[in-house]
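**Q** Got a structure for you, questions after.
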Amino acid sequence: MQERVAVVVTAFDPISRAGIASQLRFRPEIQLVDADDGMAPAVAIVVVDRVDEQAVQTIRAAQRGGGARVVVVASQVEGGDLLAAVEAGCCGLLRRIEASPEQLVMAVKAAAAGDGTLPPDLLGRLMQQVGRLQREALAPRGLSPVGMSRRELHVLRLIAEGHPTSYIARELAYSERTVKNIIHNVTTRLQLRNRAQAVAYAVREGLI
């Protein structure tokens, strides 16, 4: 017998919530849970008209506590909605008109497995937006899409290789103070405790 995925459905209006819940209620793969019943859901489905500021706050709130992975069902997807949803932490997005029971179950199972779901045309649009962000906003400032400069990544790479500050300074022709400032800036900006956490973050994100 397959393991059921615990899912909570959140919406700004009760009709939308009931509509999505009714499509999942009798699916053997899904166990619908209530936000107040004390059971932490593996996946939260957030139903919105579009990804505005209120929706972004709801996506973030759904991940707190139990750390549920979020699938967004939106009536319309405009402009920077995709980037806003991704930055808020959602791992899947469906248009409401395309949210059949089968598509919802596929998105939930993908989210529970750590994967993402995005319609092909929206994936193409997201890639275009990321590329434009890189070209127009980040590259001119020497930053990567995660907000780290090339020299910051170079310093973290050398730290990951086990080199002390003095070696990194000589290798990059910086002063030791500059190297320490670079490390401090990274840890402060990313709210990390120390250089070890900074290296772990960079490795986890595939940056080094």
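**Q** Summing +1 for each Lys or Arg and -1 for each Asp or Glu, what net charge is found among the other residues whose Cβ lies under 12 Å from the Cβ of THR165?
**A** Local net charge: +2.
**Q** Note down the relative contact order for the range 1-104 as a percent, whole number, built from C-alpha pairs under 8 angstrom at least six residues apart.
**A** Working: 168 pairs, mean separation 26.1, N = 104.
Relative contact order here is 25 percent.
**Q** Treat every Asp and Glu Cβ in the range 142-204 as -1 and every Lys and Arg Cβ as +1, leave all other atoms uncharged, and give the resulting dipole magnitude about the Cα centre to the nearest 20 debye.
**A** Its charge dipole is roughly 140 debye.
**Q** Return the whole-Å distance between the Cα centroid of the range 38-74 and the Cα centroid of the range 1-32.
**A** 13
**Q** Using the Kirkwood radius built from alpha carbon pairs, what does the Stokes-Einstein equation give as D for the range 142-204 at 10 °C and 1.306 mPa s, in µm² per second?
**A** 137
**Q** Right, something else. State to the nearest 20 debye the size of the charge dipole of the range 5-133 about its Cα centre, where the only charges are +1 on K and R beta carbons and -1 on D and E beta carbons. If you can, show how the numbers build up before the last one.
**A** On the way: 12 positive and 15 negative charges, 39 e Å.
Using Cβ point charges on Lys, Arg, Asp and Glu, the range 5-133 gives about 180 debye.
**Q** GluC sites (Glu not before Pro) within the range 159-192: which are DSSP loop residues with at most 12 other Cβ atoms inside 10 Å?
**A** Here the GluC sites (Glu not before Pro) that fit, given the DSSP loop and packing criteria, are GLU161.
**Q** Any chance you could get the radius of gyration and Dmax over the Cα atoms of the range 5-133, in Å?
**A** 13.6, 43
**Q** Which order, highest average first, do 101-108, 13-20 follow once you tally other Cβ atoms within 10 Å for each residue and take the mean per peptide?
**A** Result, highest mean first: 101-108, 13-20.
**Q** Under a Cβ-only charge scheme (Lys and Arg +1, Asp and Glu -1), can you give me the dipole magnitude of the range 33-83 about the Cα centre, in debye to the nearest 20?
**A** Roughly 240 debye, rounded to the nearest 20.
Bear in mind that the values in this text are calculations on the coordinates, not laboratory data. Predicted model only: the values in this text are computed from it and were never measured. Neighbour counts run over all protein chains shown; Cβ positions are idealised from the backbone, glycine included.
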